[in-house]
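Quick notes on the structure that follows.
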């Protein structure tokens with residue numbers, strides 16, 4: 001979920017698409033990142 005949200009936010013930002021949706025996804029991603037202590041290798045690499 002974190003990996004997918006990070007990729008969605010990155011793509012929406014790169015192509016300047018759906019700014020309102022991007023901001024909501026970014027907030028969700030931020031909340032998930034601060035509440036989770038362990039990240040898989042794939043998640044960690046997508047959030048760099």
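Annotations for the structure displayed:
- Pick from segment 1-26, criterion within 9 Å of the chain's Cα centre (by Cα) and either under 13 Å from residue 43 (Cβ atoms) or loosely packed, with under 11 Cβ neighbours inside 10 Å (or both), ranking: modelled with the lowest pLDDT: 1
- Residues within segment 27-48 that are without any contact (Cβ under 8 Å) to a residue 12 or more places away in the chain and either surrounded by 12 or more Cβ atoms within 10 Å (Cβ to Cβ) or touching a strand residue (DSSP E or B) at 6+ places or on another chain (Cβ under 6 Å) (or both), tallied: 2
The values are calculated or read from the model by the stated rules, or taken from the named source; none is laboratory data. Remember, predicted model here, so these are calculated numbers, not experimental data. Heads up, the Cβs are rebuilt from the backbone with ideal geometry, glycines too, and the neighbour counts pull from every protein chain shown.
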